[in-house]
Amino acid sequence: MKIALCSDHGGLALKTKIKEYLIENGYEVEDFGTDSEKSCDYPDFALPAAEAISKGECERGIFVCTTGIGISIVANKVPRVRCALCCDQTCARLTREHNDANALALGGGIVGNNLALDIVKTFLETPFSALEKHQRRIDKIALIEKKYYKEP
């Protein structure tokens with residue numbers, strides 16, 4: 001599985017730990033940055049990572065900033081990206097089972113390294129339930145995207 005990975009300066013330390021974990025566990029990683037602790041803007045990294053998911057170049061994504069909020073907002077502006085901000089394994093499991101989320105947002109200043117890695121593991125290993133009620137809701141999300149997004 002190929003993972004799009006990105007962060008701003010506030011998420012860099014956690015992104016580095018996640019990247020090590022992913023590589024050690026056999027995932028292919030495309031790192032969209034940042035690679036510096038110098039202050040930067042999370043949309044500059046989140047947008048190309050989200051576009052890679054939207055285009056099918058990466059199967060999943062992991063987005064990290066200080067809280068996970070801003071970077072998840074950017075990711076969710078891109079069609080076909082369903083990014084969930086998770087602070088525990090239960091949310092990570094349920095967003096995969098119910099929402100078929102293809103992107104995970106984490107707050108580098110909110111969750112510690114060990115918890116974050118457990119969340120990542122849960123997110124990547126949990127399959128979509130494929131229950132009709134969940135698929136119906138995802139289909140409605142796709143209709144909203146179609147209504148408001150015009151392909152360039």
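Counting only strands (runs of 3 or more DSSP E) that sit wholly inside the stretch 28-85, those with at least 2 residues that are among the charged types (D, E, K, R) and under 26 Å from Glu151 (Cα atoms) are 28-31.
For the stretch 6-20, a tally of residues being of a type outside the set (Lys, Arg) and within 11 Å of Thr34 (Cβ to Cβ) returns 8. Listed by first and then second residue, the pairs with beta-carbon distance under 8 Å, at least 6 apart or on different chains, first residue in the stretch 66-79 and touching a residue at least 40 places away in the same chain (Cβ under 8 Å), second of a type in the set (Val, Ile, Thr) and assigned to a loop (DSSP other than H, G, I, E, B), are Thr66/Ile110; Thr67/Ile110; Gly68/Ile110.
Among residues of the stretch 11-27 being in contact with a helix residue (DSSP H, G or I) (Cβ under 9 Å, 6 or more places away or on another chain) and either of a type outside the set (Phe, Trp, Tyr) or outside any helix (DSSP H, G or I) (or both), the one that is nearest to Val64 (Cα to Cα) is Gly11.
Values in this text are rule-based calculations from the coordinates and carry no lab data. This structure is a prediction, so every number in the text was calculated from the model and none was measured. When we count neighbours, we look across all protein chains shown, and the Cβ atoms used for this are built from the backbone with ideal geometry, even at glycine.
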